[in-house]
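Have a look at the structure below, then the notes.
The values are calculated or read from the model by the stated rules, or taken from the named source; none is laboratory data. All values derive from a computational prediction rather than experimental measurement. We place every Cβ from the backbone using ideal geometry, glycine too, and count neighbours over all the protein chains shown.
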Amino acid sequence: MADTRRQEQTRRLLSLAAGRFANNRWMFGAGAAAVLGLASYAGAPKAPVFCALGFLVFAAFLAPNRPRGQRHAGQTAATDRGRLEGLSARSLAEAVGDPLIVFDRAGTAVHVNQAARSAFNATAPGLSLLMKFRAPEMQSAIERVRTGAVDNEVVDYTERVPIERVYRATVSAIGRGTGLNVVVFKDQSEARRIDRMRADFIANASHELRTPLASISGFVETLRGPARNDAVARDNFLQIMQNQTARMARLIDDLLSLSRLEMKPYLPPGATVDVRQVVESVIDSLAPLARESGVVVERNLGDQPLEARGDRDELFQVFENLLENACKYGQAGGRVVVSVEIAGGPAAEVAVTIRDFGPGIPEEHIPRVTERFYRVDVDNSRAQKGTGLGLAIVKHILTRHNGRLTIWSKPGEGAAFTVHLPAK
């Protein structure tokens with residue numbers, strides 16, 4: 001048993017040695033050739049030559065193997081470097097996704113990549129950049145770089161036609177002494193839009209909260225002072241304060257609801273909902289509001305279940321917001337018609353329309369009514385206890401459901417809001 005184990009170990013050692021020798025054979029061959037050549041030239045005795053050759057054999061056996069993967073990786077890297085060095089500057093510029101223009105000392109475009117041709121009309125080689133980009137900050141940056149005053153300049157540039165876009169332009173010299181320069185445009189439009197939207201949202205939310213707070217603070221001071229012993233004024237002021245706190249509570253609830261929806265805008269719900277049943281529940285729950293507003297809600301719902309994929313609570317909130325708006329702002333018409341149907345087309349969908357016969361919405365306001373805090377009539381909206389967030393919530397919920405909202409309105413004839421949901 002011990003002899004067999006020793007024989008196996010011997011075979012492994014011999015195999016390892018043979019593999020290392022084969023892997024390092026070029027090193028051994030080069031060393032042996034050098035030793036033999038030197039010995040032949042110098043006329044050295046044979047014994048030292050044989051010793052040197054033996055040492056080379058021993059070194060070839062002991063030298064570690066270079067893994068095949070590393071050898072292959074080294075060869076691939078060398079090949080890739082050679083291929084990269086063979087690429088033209090024009091090919092590299094075309095591969096850049098941002099608009100890029102190479103220009104010479106005279107400020108004339110030498111190369112314009114595809115992104116720049118798409119972003120800036122009538123931009124081609126031979127065009128003077130100082131004639132194309134008239135903004136003073138761009139002209140100053142191009143002038144300073146092309147004359148060698150600086151090697152790099154970063155400026156903000158706004159392109160106003162066909163639509164307004166904001167770029168961060170980086171103007172740089174290419175190498176040293178080449179006479180060529182490059183300007184790269186990084187589109188900042190979306191980031192600026194988000195920053196502006198965030199600032200507007202904070203300003204609007206602060207204003208909506210500050211107004212009732214100022215009212216409550218003023219009434220508290222009055223109750224603690226001149227109206228301390230006036231029972232009639234006290235009851236009147238307390239009622240107003242209660243209405244203002246309720247308004248703030250509604251606003252905060254809508255803000256929290258909108259925040260929750262924005263955290264999961266593209267998570268489609270997996271449950272199946274009977275849309276007709278949800279609409280009926282909404283009409284029943286808002287019956288007191290309809291009576292208070294003097295509005296009759298007419299139903300055109302049919303008898304068959306109309307199913308769609310969705311979250312019941314969120315869809316309830318959609319129809320509740322739309323029907324509540326119809327009752328409040330369309331009460332002059334005296335009635336609201338709610339209809340549900342299957343709409344045909346390439347893909348079947350459930351369409352729920354809530355139509356009022358009130359004053360309607362002017363056409364110029366329709367594209368913006370789903371924006372946060374946007375109001376067609378500010379005074380009327382606040383009188384109806386609106387927060388300006390209802391339709392924004394509707395839009396976000398429908399986006400999550402792969403649905404959409406269409407709006408029709410004609411001044412004096414009312415408005416119709418239609419919710420389109422993919423049918424199951």
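Looking only at region 194-204, decide whether some residue is in a helix (DSSP H, G or I), surrounded by 12 or more Cβ atoms within 10 Å (Cβ to Cβ), modelled with pLDDT of 75 or more and not assigned by TED's automatic domain parsing to the domain that holds D156. Checked region 194-204: no residue is in a helix (DSSP H, G or I), surrounded by 12 or more Cβ atoms within 10 Å (Cβ to Cβ), modelled with pLDDT of 75 or more and not assigned by TED's automatic domain parsing to the domain that holds D156. Among the residues of region 104-143, those that are closer than 16 Å to L180 by Cβ, out of contact with any helix residue (DSSP H, G or I) (no Cβ under 7 Å at 6 or more places or on another chain) and free of Cβ contacts under 8 Å to residues at least 24 places away in the same chain comprise T108, V112, P125, G126, L127, S128. Only one of the listed residues (E292, E324) is within 21 Å of T399 (Cα to Cα) and not in a loop (DSSP other than H, G, I, E, B). That residue is E324. Could you please let me know if E262 is acidic (D, E), at pLDDT 85 or above and not in a loop (DSSP other than H, G, I, E, B)? So E262 does not fit the description; no. Only one of the listed residues (V145, V155) is closer than 15 Å to A106 by Cβ, β-branched (V, I, T) and crowded, with 17+ Cβ neighbours inside 10 Å. That residue is V145. Going by the conditions given, is L251 in the same structural domain as F373 (by TED's automatic domain parsing) and touching an Asp or Glu at 6+ places or on another chain (Cβ under 8 Å)? Here the answer is no, as L251 does not meet what is asked. Of all residues in region 266-286, exactly one satisfies the criterion of being loosely packed, with under 12 Cβ neighbours inside 10 Å and in a helix (DSSP H, G or I), namely D284. Among the residues of region 276-297, are any in contact (Cβ under 8 Å) with a residue 40 or more places away in the chain and over 28 Å from P359 (Cα atoms)? No - not one qualifying residue is present in region 276-297.
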